Amino acid sequence: MKTWRDQNYYEILEVDPQATDEEIRIAYEKLKTTYSPSSPGIYALFTPQEMKEILAKVEEAYRVLSNPRNRNEYDLMLRGEKTEVTIPAPAPAISLHRHLGPAELREALGGEEGPFSGENLRKIREYLSLEADEVARETKIGRNNLSSIEEEDINSLPALVYLKGFLKAYAKVLGLDPYKVIEDYLARITRKGYQRE
């Protein structure tokens, strides 16, 4: 049996060479979850270095097979009709943790320096070109909770203890002072009638 180092990209992603783009994407997502550092039990099977190598190989396989032109080149190479394949460079990692200076903060808020409301948190996120899904993944805040925070929907917000933790994580990702964000935000929603202890 081949080791993961000797497998081709289809074998790495555990898909058939005739797999659809959707099947490839689903397999990729599943493997990323399986080999993530937080996956229970996986460390019993691989060293941390092997885990990094496997994840890099999974990323590489997905970059090639998710691009029709690169996949076609790769298929030709597998059949011996081509000697090498162009592997696209990885997309630059998104720096989610960034510090905003006062001028940038004013610019993000349209020239204002108001309190940290849900709307202002959304404006800052959009100014940093961060998708809500990226923030949700990074912070482990559920997408619905993130929407409730940005919309200040007091009927959907979680209990206070969770809300404080979510606001702290969100503030860190946006490069803001977590304590100031929590203070401003809680003052606003308390005035609106939020009472979930």
For segment 151-162, state whether one or more residues are part of a helix (DSSP H, G or I) and either aromatic (Phe, Trp, Tyr) or not assigned by TED's automatic domain parsing to the domain that holds Arg122 (or both).
-> yes
What residue, among those in segment 10-60 that are within 25 Å of Glu138 (Cβ to Cβ), among the polar types (S, T, N, Q) and at pLDDT 75 or above, is surrounded by the fewest Cβ atoms within 10 Å (Cβ to Cβ)?
-> Gln49
Do we find that Tyr170 is part of a helix (DSSP H, G or I) and among the aromatic types (Phe, Trp, Tyr) in this structure?
-> yes
For segment 147-171, pairs from a residue that is at positive phi to a residue that is among the hydrophobic types (A, V, I, L, M, F, W, C) and buried (at least 20 other Cβ atoms within 10 Å of the Cβ), with Cβ under 8 Å and 6 or more apart or across chains, are Glu152/Ile189
Has segment 2-9 got any residue that is of a type in the set (Val, Ile, Thr), at pLDDT below 85, assigned to a loop (DSSP other than H, G, I, E, B) and over 26 Å from Glu138 (Cβ atoms)?
-> yes
Only one of Leu174, Leu160 is of a type outside the set (Lys, Arg) and surrounded by 16 or more Cβ atoms within 10 Å (Cβ to Cβ), namely Leu174
Can you name the residue in segment 131-155 that is among the hydroxyl-bearing types (Ser, Thr, Tyr) and at pLDDT 90 or above and, of all such residues, is surrounded by the most Cβ atoms within 10 Å (Cβ to Cβ)?
-> Ser148
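The values are calculated or read from the model by the stated rules, or taken from the named source; none is laboratory data. Computed from a predicted structure; not experimentally measured. Reconstructed Cβ throughout: ideal geometry from the backbone, glycine too, with neighbour counts over all protein chains shown.
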